[in-house]
Amino acid sequence: MRTFLFSCFCLLSLSLFSQVRGGRPMAGAGGGNIGRFYGRIIDAATNKGIDAASVQLVQARRDSASGKSTDISIAGQLTTSKGNFSLENLPVRGKFRLLVTAIGYTPIDKEVSFGADMAGFDRDLGNIKLELDVQQLGEVTVVATKPMFQMGVDRRIFNVDKNITTTGQTATEIMKNVPGVNVDIDGNVTLRNAAPTIFVDGRPTTMTLDQIPADAIESVEIITNPSAKFDASGGMAGILNVILKKNRKAGYNGNIRAGVDSRGRINFGGDINVKQGKFNFFLGLNYNQRKSISKGETYRENLFNDKAKNTILNQYSNSTNTGAFAFGRIGFDYLMDNRNSFTVSAAMPNGNFNSYQTDNIIVDTLSSPVKTQQALRTTANKRNFKNFGPSLGYKHLFPKQGHELTADVNYNSSSNSGEGDYTTRYYNSDGSFQNDPALQKLVSSGKNSFWTIQSDYVLPVGKAKLEAGVRAAVRNNKNIINNLSYDYSRGEYVSIPSVSSNYKYNDQVYAAYSTYSSKIGESFSYQLGLRTESSNYTGTLLNTGDRFSNKYPLQFFPSVFLTQSFGPGNDLQLNYSRRINRPNFWQLIPFYDVSDILNISVGNPGLRPEFTNSFELNYNKSLGKGHSLLTSVYYKKTDNLITRYQGLQYDVPLPDGKLDSAMVISFINANSSRSYGLELTSKNPLAKWMDVTTNFNFYNAQIDNSGLDSTLGVNDRWAFLGKMNINFKLPANFTIQLSGEYQSRTLVPQDGGGRRGGGGGFFGGASSASQGYINPNYGVDIAVRKEFMKDKRAAVTLSVNDIFKTRKYDAHSENSYFVQDMWRRRDWQVARLNFSYRFGKFDVSLFKRKNNRTGSDGGDDMMQ
């Protein structure tokens, strides 16, 4: 059955690209009364607002009795004393006429419509001038639908809010279904074999993906080659921008949800949005319990100059992680008038987790006679985190469409603490234990604060557009790690200063950017950008007084985007950008982390920043009958790549206070790396009841380690990643969603990471991009949803992940000091049952009745 289903996946995905041929652009469905027109009626001579002008919106509709077209009033009101008007809850399909009349002025009859220029459902009609004998005519177009994926100037937008296989889970599981994104069993996310930077609502965040509930996400923006508008930090990888759900529909709406999994862990939450007058209030709460189970094995040969010291290590591990986290988000928008708005919001995730792990370790010497040492190690960890992230935003819209100014202040404060107990007992071949166990305790705590202040300005100039902005980011971090060993003679735990640390660091990045976009003719457009950044980093080991500082002067990062349009939904784009990845404190600090004696890690204060030049060619084609295809060819070249490296070091401080040689995980600058590939993303509605989204990424990755280790040289490998999502719409409001992925053998992702703790990895340590590869793996998830009640307000979803128990992290790494093979498996075949219920009413007069709007003053039940 497994082989049959997997073969169907491959055959179906390969056939899709040969089935679709030319036709009209893909059309979406739906609409709903969610549109809004607003603006200001002014006197053409004085530019002052006209009070009590009548503004009406009419639409031609066919009379069912006579068959003739008749004008129907959709909305209307009188302007305020300053001439402002706002028509809300409008249908987004069809054409409209805006009728403006005022005593003493010539009436205006202006055609407006909602079209497809990706501008959203709110449209500023600008200043509409009334004169005695001049009639101002214009036209407005607005996005009416959301396709599965959209191609913007510098990003791709995947709308994942209807993905049912991830209901009741986290953003990590959402990423598993986003085309082009790969997620391993530990939740580590890669984009084109490199770790991307995570944004939330367009700003960097200290939250991790597993702290964001999937039910709170509207869409994910994949920015594979960021323009000068975005932070230059991030190296080879791009940006994943998580857009959280938010609503501005008049009245109130929301949802409640609850679920349970096959391990007895529950989740529940809800969202509510209330908009009345100038205020829009939103609140979201989520609670998730977890029970994560994993197991694995490691085989490692340690090689020394003295062959008599060579050993073989076999490690068999089992781990269980339990806990819960809560995520709260609250805020409001204050719409001062049609052109000025403030947004105040705050996110508050926090959680507590406990883990228990057992490692059965067997070490054999390779010399004769063979000597065997066996040990049982148990690890019990407790950790918690708290996060508070308020933000303040201001937006000003000028009368000219697209002319705007925004300013944002974001603050994020987080704290964490943890305690781990490590017990190692050596035993004889008959199973009896030797002497007293070795007891080790690790106590840690930390605080982090992160400020970002940013302002952006957009100025349309004819067909061109000028954008500029400034940004300041300041991060402060303080952390304490106390490593203790139990002294049986004293009957207490004793701190070991050589392997304990108390440190802090300050990181500051200041930036400014400008981009210029324009068109040549009607079909060719371009964007030129330049960003400059200056950064200053200072770290201090408080217990030793050692200080580390890196100052990076002004660096320039250009970007170029060229787009040729061959018609609607038929675009070719070429882009280029330059980026930087600066070493962080974890990667620089020369502190030995020996919390896991089998996986000791230390920073490298001699690291240099890496620079990446990226090129990308994209072709987006909308085909007939809803089929579409996005083709991308890319090339990236990085100098001084920061990567993990595991090797033999001498005079390493151990938990017992002694110095000895040991295998240590650290970081190095490889000479260079490069990657290139071809990525295909396709959406194919094969029938009214079935659609398929497919993504293939064929790529070559290479790391040049020449001169760093005699056994490394150049690590070069071809690989591919395939993903597929199939949706079946069945009778009686049933939906089945099947998703799967296949990753071929590939180089270890070039993460350039640096977070440490617990030795930098489970079950024998993390592999290095410069030293190894990951063997092939694949997995399939399935979900079934049933919608019921009026307007499909309620739904029950049953999902099962890794249904064939095939997801497995299996890696090989080696150099002149060791050869290692390891595998791990985590959270297979977990079933989840979730219930959700939507509620709401679109009603502009929720709290008070208004008499300045024509038509019904009541509200409509929420329809989605």
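The values are calculated or read from the model by the stated rules, or taken from the named source; none is laboratory data. Since the structure is predicted, the reported quantities are computational estimates derived from the model, not experimental observations. For neighbour counting, all protein chains shown are included, and Cβ atoms are generated from backbone atoms with ideal geometry for every residue, glycine included. The protein model used for the area step is the full one, side chains on, heavy atoms only, and it has no ligands, DNA or RNA in it. Shrake-Rupley method; radii C 1.70, N 1.55, O 1.52, S 1.80 Å.
Judged by the ratio a/c of the largest to the smallest principal axis of the C-alpha gyration tensor, region 227-360 counts as oblate, that ratio being 1.5 or greater while a/b is no larger than b/c. Among the trypsin sites (Lys or Arg not before Pro) in region 764-839, those located in a DSSP loop and surrounded by at most 12 other Cβ atoms within 10 Å of their own Cβ are Lys805. Bridging of Lys386 to aspartates and glutamates at a Cα separation below 18 Å is possible for Asp210, Glu419, once same-chain residues fewer than 8 apart are set aside. Put simply, when 646-655, 661-670, 591-600, 728-737 are sorted by average Cβ atoms within 10 angstrom per residue, most first, you get 591-600, 661-670, 646-655, 728-737. Packing, as the average of other Cβ atoms within 10 Å across residues, places the peptides 627-634, 566-573, 486-493 in the order 627-634, 566-573, 486-493, highest first. Taking each residue as 0.36 nm, the span from Ser549 to Asp71 lengthens on full extension beyond its C-alpha to C-alpha distance by 165.0 nm. Apolar share of the accessible surface for region 434-528: 57 percent from carbon plus sulfur atoms, 1.4 Å probe.
With every protein chain present, what is the per residue accessible area of region 564-608 (1.4 Å probe, Å²)?
Working: 1480 Å² over 45 residues.
Here the per-residue accessible area is 33 Å².
Rolling a 1.4 Å probe over the protein chains gives Met789 an accessible area of about 110 Å².
Under the shape rule built on the C-alpha gyration tensor, where the axes satisfy a ≥ b ≥ c, region 496-590 is prolate, since a/c reaches at least 1.5 and a/b is greater than b/c.
Excluding same-chain residues fewer than 8 positions from Lys683, which aspartates and glutamates have a Cα within less than 18 Å of its Cα? Within the straight-line limit of under 18 Å, Lys683 reaches these aspartates and glutamates: Asp161, Glu221, Asp571, Asp691, Glu741.
Find the accessible area per residue for region 332-402; the probe is 1.4 Å, ligands and nucleic acids are left out, and the unit is Å².
52 Å²
Hey, any idea what % of region 228-349's accessible area is carbon plus sulfur with a 1.4 Å probe?
59 percent
Counting only aspartates and glutamates at least 8 places from Lys129 when in the same chain, those with an alpha carbon closer than 19 Å to its own are Asp43, Asp51, Asp109, Glu111, Glu139, Asp337. If I compute solvent accessible area with a 1.4 Å probe over the protein chains, what percent of it on region 578-717 is carbon and sulfur? Of all accessible area on region 578-717, carbon and sulfur atoms account for 55 percent.
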